[in-house]
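What follows is a set of notes on a single structure, which appears directly below.
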Amino acid sequence: MTDSKTETANIKAQKLNVQNQKARQHHETPKTYHVKSFGCQMNVYDGERISEMFKDQGMSEAASKDNADIVVLNTCHIREKAAEKVYSDIGRLRRSDGSKPMITVAGCVAQAEGREIGRRAPSVDIVVGPQAYHRLPEMIESARQGKRAIDTDMPANSKFDILPRRSKQPRPSAFLTVQEGCDKFCTYCVVPYTRGAEISRPWSALIDEARALIDGGVKEITLLGQNVNAWYGEDEKGNRQGLDGLIRALDKLDGLERIRYTTSHPNDMTEGLINAHGDVESLMPYLHLPVQSGSTRILKAMNRSHSRESYLEILEKVRKVRPDIALSGDFIVGFPGESDADFEDTLDIVRQVRYSQAFSFKYSSRPGTPAADMDNHITEDVMSERLQRLQALLNEHQFDFNKDMLGRKTRLLLERQGKLEGQLVGKTPWLTSAHVMAPNLSIGDMIDVQITEAGPNSMTAEPIFTANDTSHG
Ligand code: SAH
Ligand code: SF4
Ligand code: F3S
């Protein structure tokens with residue numbers, strides 16, 4: 001890993017940079033590709049767009065990394081383990097006959113570590129940051145000639161203008177990135193450095209993209225952003241709109257049954273967005289609103305700019321307009337200086353909120369972030385013990401949430417085949433998975449069901465009637 005200064009310099013690298021290395025392997029023009037995305041849903045979205053771009057250029061998707069001419073590792077830098085994983089993955093790309101595909105490191109590790117990647121892993125041909133994917137074709141051309149290509153430029157929006165959007169495979173649920181980047185600078189987090197400043201994609205581009213997705217068979221759209229509720233723009237009449245305005249416009253599009261959004265920040269939960277949960281029928285009753293810690297003292301040290309109390313007030317308002325809303329959150333245990341009492345505050349807020357699902361992590365010190373230089377780092381043993389206790393409580397609540405569903409009538413959007421013959425797996429409005437035996441139905445159908453069994457992670461349901469009805473749900 002680089003020191004923080006080199007890292008910042010890499011992050012700021014502004015030009016397509018080609019390293020001339022005579023000894024580098026030359027490649028044939030790639031005909032097949034394999035894209036593997038790690039980390040958050042924004043990477044999944046980017047990975048899909050890269051795949052579409054490659055298809056547009058006449059390449060086809062390989063069955064696995066082992067028979068692809070070019071492999072793209074779309075990486076995540078959020079915690080040390082995720083960031084280090086890329087180096088072992090690169091090693092595994094070498095084949096038994098000594099050959100290797102053209103190797104591309106994309107995503108947040110590419111942005112944060114830049115040329116350092118080539119020093120640690122000389123077999124890498126291309127390093128491309130999350131805002132520069134549209135330049136991949138020219139980078140592939142350099143790599144073909146045996147020159148390593150590095151591009152960690154951050155031109156706002158341009159990748160979205162250039163990368164194609166076509167839903168070639170009909171699927172019921174799709175992601176749509178509306179916002180990228182982060183200006184919040186939580187003291188533990190690399191995202192403001194790897195994804196850059198907050199930018200919002202323009203209204204018309206989003207409406208057009210949503211329409212194209214719906215025309216391709218999509219029934220559910222999840223709006224994505226590192227701070228998705230910081231999205232703002234101007235509608236076709238020139239009026240300023242926030243995310244709630246965009247959601248209301250999408251709600252009017254024929255054929256779109258369900259809208260979700262993630263990840264939101266407590267400070268951007270406007271009244272308008274809260275109210276949308278009460279009156280927009282297609283906005284699903286689910287809110288992922290990370291709090292990170294239940295201790296206001298720790299929240300301050302994290303630079304979260306909300307307190308335990310202000311967070312709880314937001315949830316109270318949301319529950320008032322949408323009493324059945326399912327809540328989800330992210331937690332970090334063992335932030336520097338976290339005392340036993342601070343951790344108890346986290347358990348306490350969890351007991352108060354009762355999340356339907358949640359993500360929890362041990363604090364990971366990231367180079368270049370302010371928290372890395374703080375005193376009183378917590379030992380690994382203490383972090384493990386705290387994480388175990390927190391996860392036991394979160395799991396208990398998740399199971400309780402599922403058990404509360406027993407006997408309930410609801411609607412499923414069927415998203416994939418189950419393991420058993422004739423079984424399909426769908427999502428309830430609350431983003432829980434339910435298995436249903438429905439041999440006459442297909443992926444993409446919406447059905448009325450009754451929940452008949454509740455497990456810790458998913459549920460079983462029975463169709464109430466098997467008509468292919470597509471009203472809101
Ligand atoms: N923008 C989103 C989250 C992006 S990162 C938000 O603020 O909610 C996803 C999650 O990873 C964070 O919510 C946080 O819980 C976790 N995370 C981020 N940096 C981390 C670090 N250094 N160590 C451990 N977990 C971290
Ligand atoms: Fe990271 Fe905080 Fe920004 Fe989320 S809001 S991406 S945790 S800096
Ligand atoms: Fe990871 Fe980058 Fe997403 S660091 S969580 S892939 S924004």
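The table below gives the values:
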item	result
With all protein chains modelled, accessible area of residue 307 [1.4 Å, Å²]	30
Farthest toward positive dipole pole in the chain [+1 Lys/Arg, -1 Asp/Glu at C-beta], among 410, 37, 238	37
Greater than 23 Å apart at Cα, pairs in 36/100; 65/362; 36/159; 36/362; 159/362	65/362; 36/362; 159/362
Surface share of carbon and sulfur [accessible, 1.4 angstrom probe, percent] for the chain	48
Cα centroid separation - the stretch 68-120 against the stretch 408-441, whole Å	36
Label-point gap, in nm, between residue 57 and residue 158 - each point 7 angstrom along Cα→Cβ	1.6
Net dipole in debye of the chain [+1 Lys, Arg Cβ; -1 Asp, Glu Cβ; about Cα centre; nearest 20]	1240
Theoretical gain in end-to-end length, residue 28 to residue 208 [0.36 nm per residue, Cα-Cα removed]	61.1 nm
Solvent exposure ordering (accessible area, 1.4 Å, most first) of 409, 403, 147	409, 403, 147
R0 of 45 Å, Cβ-Cβ distance residue 440-residue 374: FRET efficiency to nearest 0.05	0.15
Paramagnetic reach from residue 237 (point 7 Å along Cα→Cβ, amide N under 17 Å) across the stretch 246-274	246-253
Only Lys, Arg (+1) and Asp, Glu (-1) charged, at Cβ; the stretch 168-223 dipole about Cα centre in debye	160
Mean accessible surface per residue for the chain, computed with a 1.4 Å probe while every protein chain stays in place, in Å²	43
Net charge over other residues, Cβ less than 11 angstrom from the Cβ of residue 286 (K, R count +1; D, E count -1)	+3
Solvent exposure, largest accessible area first (probe 1.4 Å, DNA, RNA and ligands not counted), of 304, 408	408, 304
Partners for residue 147 among aspartates and glutamates (Cα-Cα distance below 20 Å; same-chain residues under 8 apart left out)	28, 69, 113, 116, 125, 138
Signed unit charges on C-beta, dipole axis of the chain, positive-most listed residue 298, 206, 128	128
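The values are calculated or read from the model by the stated rules, or taken from the named source; none is laboratory data. Treat the numbers as computed from the prediction; the structure is a model and nothing was measured. Every residue, glycine among them, receives a Cβ derived from its backbone with ideal geometry; neighbour counts consider all protein chains shown. Quick note on the areas: whole protein, heavy atoms, side chains included, nothing else; ligands and nucleic acids left out. Shrake-Rupley method; radii C 1.70, N 1.55, O 1.52, S 1.80 Å.
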